[in-house]
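**Q** Just passing along the structure, written as structure tokens.
The values are calculated or read from the model by the stated rules, or taken from the named source; none is laboratory data. Note that the coordinates shown come from a computational prediction; the quantities given were computed from them, not determined experimentally. Here the Cβ is made from the backbone with ideal geometry for all residues, glycine too, and neighbour counts use every protein chain on show.
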Amino acid sequence: MKTQFSKEYNDSIDALRFSDQAKEAMIQALMAESRPQKKGQRRTMKKAMLVVLAAVMLIATLTGAAVFTRWSKALPQTQRTSQHQREEAEKSGLSVSPAQNTEDNSVTSVTDQGVTISVEQTIVDKYTAELVFKISGFDLPEGQEPFCSPSSILLDGKDDFYSTMGGHFYDHTTHNDNGEWVYEDGTPVATDENGCVVLHYADQDGNLEYAVHINARDDLSQYFGKEIQFSFDSLGISSGKALYTPTLKGNWTLRWTFDGNAKSRTVTVEKPIGDTGIILKEAEISSINLEVQLQLKEHFDGFDTLEPFHPYLVGVRCKDGTVHRDISGGRDSYEDPEKELFRLRRGCNGILEPENVDAILFEDYDPDTQEQILYTVELP
């Protein structure tokens, strides 16, 4: 019970976010408590000091309120982001909690059929949008995997702004410092009598977190300040092999102002990638994306058959020597087929600080020995 209370307390603190006007009103209200309420009335020194101390603590807490904004565990960046990076992401507008910044025409939570879907947090940079939704009241059968997918996504009234879109439910597992797959409490992930992994998608209150990942076609900053609309028309369970069984139909349409931070750093490199014959011409680094322009020595036939390009773009090295290799799928495209100019874009499951990156990392395997070959291309 004590542990549960502590968790609820921390979750409540994490949810705090006040406007400047609200901060000022609360501070003034507390300070007023240290003044006599009636003529001739005196405050004891102890009470006055306690009230002043409370005001000071409130001022300190509210001044740094962004520190306490809860980050969804469904985000791929969550496990690989420091507290400082989270604070900076909120200050810069990279991370936004739409429900805490509602406008008159915003609808950030909808209830239908006894189920509530709310947009909790978004992380948006130049090319990628991560959006997390909370689902409350959905009765997920024991041992089943939930499934849902937006029935429509409109950004400034357009539905063709992205090249790919996917989603996943948070399963309350993580990896420990040794890279082992564990539950949140640190115990190893278990399997049932059939050898299937046992996952727990719902939290102790039965809530689910659903994260949507969007790869944009072009620069997303052109849509900042515009309305984004997400609609869901059903919820259900996954039947395996991408099959979906809807168990509840309804109408959940949410809309809010789309925002993010498209700041990026572009570097002209013009250096070879080892002995591959490929030239790294340019690198663009944003908060959660890495894009490179390559000069190929010949046509990449695998582009037409959807084969992965190699050498693989696997990460970056920072000025302090740390290496970020946690890269996810993105987009491959021919910028100019006649000149063999090719682009690779990859998402970063963490937050990069563009100015601190000093090298781009590629990886391949020796076709004969299958040994790993790492290519480090230092930025000028």
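**Q** Look at Asn178 and say whether it is surrounded by fewer than 15 Cβ atoms within 10 Å (Cβ to Cβ) and either in a loop (DSSP other than H, G, I, E, B) or not assigned by TED's automatic domain parsing to the domain that holds Ile117 (or both).
**A** Against the criterion (surrounded by fewer than 15 Cβ atoms within 10 Å (Cβ to Cβ) and either in a loop (DSSP other than H, G, I, E, B) or not assigned by TED's automatic domain parsing to the domain that holds Ile117 (or both)), Asn178 qualifies.
**Q** On to the next question. Looking only at segment 202-231, count every residue that is in contact with a Phe, Trp or Tyr (Cβ under 8 Å, 6 or more places away or on another chain), over 16 Å from Lys126 (Cβ atoms) and without any contact (Cβ under 8 Å) to a residue 60 or more places away in the chain and tell me the total.
**A** 0
**Q** Still on this structure, please answer the following. Mind checking which residues of segment 305-322 are of a type in the set (Lys, Arg) and part of a strand (DSSP E or B)?
**A** Listed by number, the list holds a single entry, Arg317.
**Q** Next question. Quick one: is Gly260 surrounded by 15 or more Cβ atoms within 10 Å (Cβ to Cβ) and within 21 Å of Gln77 (Cα to Cα)?
**A** Against the criterion (surrounded by 15 or more Cβ atoms within 10 Å (Cβ to Cβ) and within 21 Å of Gln77 (Cα to Cα)), Gly260 qualifies.
**Q** Tell me, please, whether a residue that is in contact with a Ser or Thr (Cβ under 6 Å, 6 or more places away or on another chain) and modelled with pLDDT under 50 can be found in segment 49-71.
**A** Yes, because at least one residue in segment 49-71 is in contact with a Ser or Thr (Cβ under 6 Å, 6 or more places away or on another chain) and modelled with pLDDT under 50.
**Q** With the requirement that a residue be among the aliphatic types (A, V, I, L, M) and within 24 Å of Glu227 (Cα to Cα), what does segment 124-165 give you?
**A** Val124, Ala129, Leu131, Val132, Ile135, Ile153, Leu154, Leu155, Met165
**Q** Do any residues in segment 79-90 that are touching a residue at least 12 places away in the same chain (Cβ under 8 Å) have Cβ atoms under 6 Å from those of residues that are surrounded by fewer than 18 Cβ atoms within 10 Å (Cβ to Cβ) and in a helix (DSSP H, G or I), where the two are at least six apart or on different chains, and which pairs are they?
**A** Glu87/Ala66; Glu87/Val67; Glu90/Ala66
**Q** Among the residues of segment 296-314, is there at least one that is touching a residue at least 24 places away in the same chain (Cβ under 8 Å), under 30 Å from Glu87 (Cβ atoms) and touching a Leu at 6+ places or on another chain (Cβ under 8 Å)?
**A** Yes; the residues of segment 296-314 include at least one that is touching a residue at least 24 places away in the same chain (Cβ under 8 Å), under 30 Å from Glu87 (Cβ atoms) and touching a Leu at 6+ places or on another chain (Cβ under 8 Å).
**Q** Which numbered condition trips up Phe230, out of (1) among the aromatic types (Phe, Trp, Tyr); (2) under 25 Å from Arg331 (Cβ atoms); (3) surrounded by 18 or more Cβ atoms within 10 Å (Cβ to Cβ); (4) touching a Gly at 6+ places or on another chain (Cβ under 9 Å)?
**A** Among (1) among the aromatic types (Phe, Trp, Tyr); (2) under 25 Å from Arg331 (Cβ atoms); (3) surrounded by 18 or more Cβ atoms within 10 Å (Cβ to Cβ); (4) touching a Gly at 6+ places or on another chain (Cβ under 9 Å), the lone unmet condition for Phe230 is (4).
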